[in-house]
Amino acid sequence: MKKQKRFGFDIDGTVTCPETFIPYLNKHFNTNITLADITQYELSPLLNVTKEQFWEWMKDHEPIIYANAKLATSFTEVFKEWQDTHHFTYISARGNHLLEVTEKWFQKENIPYHHIELLGQHDKLNAVKKHNIEIFFEDKHDNACDIAEECKIPVILMDTPYNQDPIPSEVIRVKNWKEAAVWVDNWLK
């Protein structure tokens, strides 16, 4: 039997499809953007609004978006191979006021978890350390780099147009969950 590891996961853009927000953005801001258009994490310049306007929109729309988010391709398939062996902690920048919506979504999607921590900020270092995470899965470039370098753990970076800056050797860029599974399976050996 494989030794149990403590996996840490970001939720949005990692467990959920990175395109989740796009239909909502296009409808509300009357745009026609695609994932390929999102080349930076900060969306307000692309939408031609201020950061304040964007976050006001987010505050109003987050519960609906998160309740209806689609899973990233192959996540469930890959996850099933790990779920009986490893410990899963989800660490997200979502605000804690979204915990009920988040837990209901996990139940609806049949995703097992041991703990969900909604930080209300992007800095995940303390949470990763507190939960003794041994490998982390992320889509935000600077989070991936910071966690890998500060915590000295491998971080799987889900490849997206908005996270293309160079990465340190502890960060492993993968195109999808199947590629992540191959890397993790080799790491577990």
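The values are calculated or read from the model by the stated rules, or taken from the named source; none is laboratory data. Please read all numbers here as calculations on a predicted model, not as lab measurements. Here the Cβ positions follow ideal geometry from the backbone for every residue, glycine too, while neighbour counts run over all protein chains shown.
Within segment 113-129, residues that are closer than 18 Å to residue 156 by Cβ sit with their Cβ atoms under 8 Å from residues that are assigned to a loop (DSSP other than H, G, I, E, B), at 6+ positions apart or across chains, in these pairs: 122/93; 122/140; 124/10; 124/93; 127/119; 128/153.
Please state which one of 86, 131 is at pLDDT 95 or above and more than 23 Å from residue 64 (Cβ to Cβ). Result: 131 is the single residue among 86, 131 that is at pLDDT 95 or above and more than 23 Å from residue 64 (Cβ to Cβ). Scanning segment 106-122 for residues that are loosely packed, with under 13 Cβ neighbours inside 10 Å and part of a helix (DSSP H, G or I) gives 107, 108. Can you work out which of the residues in segment 123-150 that are touching a Phe, Trp or Tyr at 6+ places or on another chain (Cβ under 9 Å) and either part of a loop (DSSP other than H, G, I, E, B) or outside the structural domain of residue 75 (by TED's automatic domain parsing) (or both) is surrounded by the fewest Cβ atoms within 10 Å (Cβ to Cβ)? So the residue we want is 134. Restricted to segment 13-104, the set of helices (runs of 4 or more DSSP H) holding at least 1 residues that are crowded, with 18+ Cβ neighbours inside 10 Å and among the charged types (D, E, K, R) comprises 51-67.
Number of residues in segment 48-101 that are of a type in the set (Phe, Trp, Tyr) and under 16 Å from the mean Cα position of the chain (by Cα) equals 5.
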